[in-house]
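Following: one structure in structure tokens, then a few remarks.
The values are calculated or read from the model by the stated rules, or taken from the named source; none is laboratory data. In this text the structure is predicted, and so the values were computed from the model without any measurement. Cβ placement follows ideal geometry from the backbone for every residue including glycine, while neighbour counts extend to all protein chains displayed.
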Amino acid sequence: MTALEKYIQSYFGIPIDDLQEISSFFELVRLKKGDYFLKSGRVSDRLGFVQSGIVREFVYADGKEITKWISTEGYFTVDLSSFVFQQPSRWNIHALTDADVYVIKYADYKQIGQIIPRWQELEKLFITRCFSILEERIMTHLSMTAEERYQHFFDFNPALFNQVPLQYLASMLGMTPETFSRIRKKTMH
């Protein structure tokens, strides 16, 4: 069973036959470090599941890059609004390291619903999970200090602090690189 199948099975508990049918729509794609999965302004015609490597989602705003999310093994990567509504993307998605990504094209994603009777229910659960993660991020940004956000993120993702340029982590946590560096020095991670 692939990591993608394990993820789908663990979160949605679907029968193995349906699981294999769904995973057959995904193709394993190798991204080299620096390759773009999606560029802003283009319509997102694919959704990815990170098998290995690190992928960053970011936007250019006011002359700087703002990191929305860093996807690692076991996470999806997509501009969800662009993918679902087929509108131009705001986000850039690119590989920070070599990455293996299971990819499903939009047309194939739409076709699954005709083959798997429970697909609409599963899709609803997937989108709900995406919004739950987003709500959690908003809550941490609104209720935690910069030091608490740093510690919370470090507790769940310590390896990233050695694998990702720190300015990307600072941006994702809503702080300047200087604040991030000061907090890091203070906590001595």
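From 10, 23, grab the single residue that is of a type outside the set (Lys, Arg), surrounded by 15 or more Cβ atoms within 10 Å (Cβ to Cβ) and modelled with pLDDT under 95.
Result: 23 is the single residue among 10, 23 that is of a type outside the set (Lys, Arg), surrounded by 15 or more Cβ atoms within 10 Å (Cβ to Cβ) and modelled with pLDDT under 95.
Can you tell me which condition residue 128 does not meet? The list is (1) hydroxyl-bearing (Ser, Thr, Tyr); (2) touching a residue at least 40 places away in the same chain (Cβ under 8 Å); (3) assigned to a helix (DSSP H, G or I), and all the others hold.
That leaves (2) as the condition not met.
Within the stretch 98-114, does at least one residue satisfy the condition of being under 28 Å from residue 42 (Cα atoms), more than 21 Å from the chain's Cα centre (by Cα) and either surrounded by 14 or more Cβ atoms within 10 Å (Cβ to Cβ) or β-branched (Val, Ile, Thr) (or both)?
Yes, the conditions are met somewhere in the stretch 98-114.
Here are some residues: 70, 14. Which one is of a type in the set (Val, Ile, Thr) and farther than 17 Å from residue 172 by Cβ?
Working: 70 fails: farther than 17 Å from residue 172 by Cβ.
Just one listed residue meets the conditions, 14.
Looking only at the stretch 56-114, filter to residues that are in a loop (DSSP other than H, G, I, E, B) and hydroxyl-bearing (Ser, Thr, Tyr); which one of those is farthest from residue 135 (Cα to Cα)?
Among residues in the stretch 56-114 that are in a loop (DSSP other than H, G, I, E, B) and hydroxyl-bearing (Ser, Thr, Tyr), the one farthest from residue 135 (Cα to Cα) is 97.
Within the stretch 48-55, is even one residue in a strand (DSSP E or B), at pLDDT 95 or above and touching a Lys or Arg at 6+ places or on another chain (Cβ under 9 Å)?
no
Among the residues in the stretch 21-33, are any more than 16 Å from the chain's Cα centre (by Cα) and among the polar types (S, T, N, Q)?
Scanning the stretch 21-33, I find at least one residue that is more than 16 Å from the chain's Cα centre (by Cα) and among the polar types (S, T, N, Q), so the answer is yes.
Residue by residue through the stretch 78-104, note down the ones that are modelled with pLDDT under 95 and either polar (S, T, N, Q) or touching a Cys at 6+ places or on another chain (Cβ under 8 Å) (or both).
80, 81, listed by residue number.
How about the stretch 162-181: which of its residues are surrounded by fewer than 17 Cβ atoms within 10 Å (Cβ to Cβ), over 17 Å from the mean Cα position of the chain (by Cα) and part of a helix (DSSP H, G or I)?
162, 166, 167, 177, 178, 179, 181
Okay, residues lined up against (1) surrounded by fewer than 21 Cβ atoms within 10 Å (Cβ to Cβ); (2) more than 18 Å from residue 177 (Cα to Cα):
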| site | (1), (2) |
| --- | --- |
| 43 | yes, yes |
| 56 | no, no |
| 62 | yes, no |
| 68 | yes, no |
| 73 | yes, yes |
| 79 | no, yes |
| 85 | yes, yes |
